[in-house]
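The values are calculated or read from the model by the stated rules, or taken from the named source; none is laboratory data. These numbers were taken from a predicted model, which means no experiment stands behind them. Reconstructed Cβ throughout: ideal geometry from the backbone, glycine too, with neighbour counts over all protein chains shown.
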Amino acid sequence: VYVESKRGGNGYIRIMRTNLSETAYIKDLIGKIGDKMSQRVVAVYLRELLRYNFIDEKQANIINAALSDKSLAQVDQLKRDSVRADSFKNILINLI
């Protein structure tokens, strides 16, 4: 979604939907992830991927399970969000 906003006497807001390719969207998403990621944030990103039909419900459930706190229970809690972010990036790279 592209948003343009001008303020002043003749102000307006323009919202345009652009068709982003799956590859471009996933690359952008990878760039936004950062070094750490909570289980809740993974769920938000998965909903977006589902919304744009880049993954299906079964894939989302598998990814969510793999990156859950329960699956990462053996990872030190201080490192868990870093491992989750790295793993999610790797999963996304393999979707491209």
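Do you know which of the residues in the range 71-95 that are among the charged types (D, E, K, R) and part of a helix (DSSP H, G or I) is surrounded by the most Cβ atoms within 10 Å (Cβ to Cβ)?
Selected residue: Arg84.
Take the conditions modelled with pLDDT under 95 and exposed (fewer than 10 other Cβ atoms within 10 Å of the Cβ) and apply them to Ile26. Does it pass? Even if it seems obvious, please write down each step before you answer.
Working: modelled with pLDDT under 95: yes; exposed (fewer than 10 other Cβ atoms within 10 Å of the Cβ): no.
In short, no.
Of all residues in the range 41-70, which are outside any helix (DSSP H, G or I) and surrounded by 15 or more Cβ atoms within 10 Å (Cβ to Cβ)?
We begin by selecting, within the range 41-70, every residue outside any helix (DSSP H, G or I); these are 52-56, 67-70.
Listed by number, the residues that qualify are Phe54, Ile55, Leu67.
Among the residues of the range 50-82, which ones are closer than 20 Å to Asn94 by Cβ and touching a residue at least 12 places away in the same chain (Cβ under 8 Å)?
The answer is Tyr52, Phe54, Ile55, Ala60, Ile63, Asn64, Ala66, Leu67, Ser68, Leu72, Ser82.
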